[in-house]
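What follows is a short report on a single structure.
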Amino acid sequence: MRLLTSSRAWSKGGTPGPDSAAEYTSFNNFIKEIVVEGIQVELVIWDNTGMDGYEKLRRLSYEDVHVVLLCFDISDQDSFDNLRHLWNVEADTYLKKVPKILVGCKKELQNDVATLRSLRESGHRPISTKKAEAFALEINALAYLETSAVQKSGLDELFDYAARAALTRGPSKGKKGIRRFLSRSEMKFKS
């Protein structure tokens with residue numbers, strides 16, 4: 001998943017390289033500390049695979065999640081379609097009360113000549129901002145944000161927004177999940 005390589009590069013202050021995809025495994029995570037309105041927040045972000053056979057293992061990771069990032073590749077219609085048929089369904093089933101943010105990854109490809117030519121040849125085009133925003137409304141996502149790890153665009157804004165959403169929502173009480181998205185549990189955030 002591109003968000004993983006983008007996020008990992010972002011967490012280290014860099015951009016993804018050509019071999020970034022080789023780093024991907026079934027479940028990946030990274031930690032990044034950021035400051036939101038003077039509050040230090042530790043982001044613990046996990047990227048789960050959609051591969052067959054990992055459903056039960058993936059669902060074990062959902063305890064104590066504060067925010068769900070539903071990510072897709074802007075240049076890939078199948079990636080976008082998987083949101084409707086897999087990821088949003090799973091979020092609605094197992095993470096009913098957890099806020100969702102829709103994320104379009106690889107924003108730089110929206111106007112990339114080679115990408116546009118390749119998509120046109122196969123009868124496709126990039127997912128438009130308008131289409132993604134409509135889907136975000138449909139699934140009751142808090143927002144739709146676009147990112148580009150290559151251009152270092154939108155990543156800080158995305159994770160700042162996610163941290164604010166988690167801090168506003170507050171922690172789940174009484175759970176000791178095996179993984180968390182955000183770990184500062186008792187902080188209050190001004191709305």
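Proximity of backbone amide H atoms, modeled 1.01 Å from N, is registered between E146 and G104 at under 5 Å, excluding neighbours fewer than 5 places apart on the same chain.
Pairs K96/K130; K32/K131; K106/K131; K32/K152; K107/K130; K32/K97: which are spaced more than 23 Å apart, C-alpha to C-alpha? Don't skip to the end; give the middle numbers.
Numbers: K96/K130 25 Å; K32/K131 31 Å; K106/K131 16 Å; K32/K152 16 Å; K107/K130 14 Å; K32/K97 25 Å.
Violating the 23 Å Cα-Cα cut-off are K96/K130; K32/K131; K32/K97.
Derived scalar couplings between HN and Hα for the stretch 81-87 equal 4, 4, 4, 5, 8, 10, 5 Hz in order, rounded to whole Hz, by the Karplus curve 6.51 cos²θ - 1.76 cosθ + 1.60 (θ = phi - 60°), x for Gly and Pro.
Taken together, the values in this text are just the output of simple stated rules run on the coordinates, not laboratory data. Everything quoted here is computed from the prediction, not taken from an experiment.
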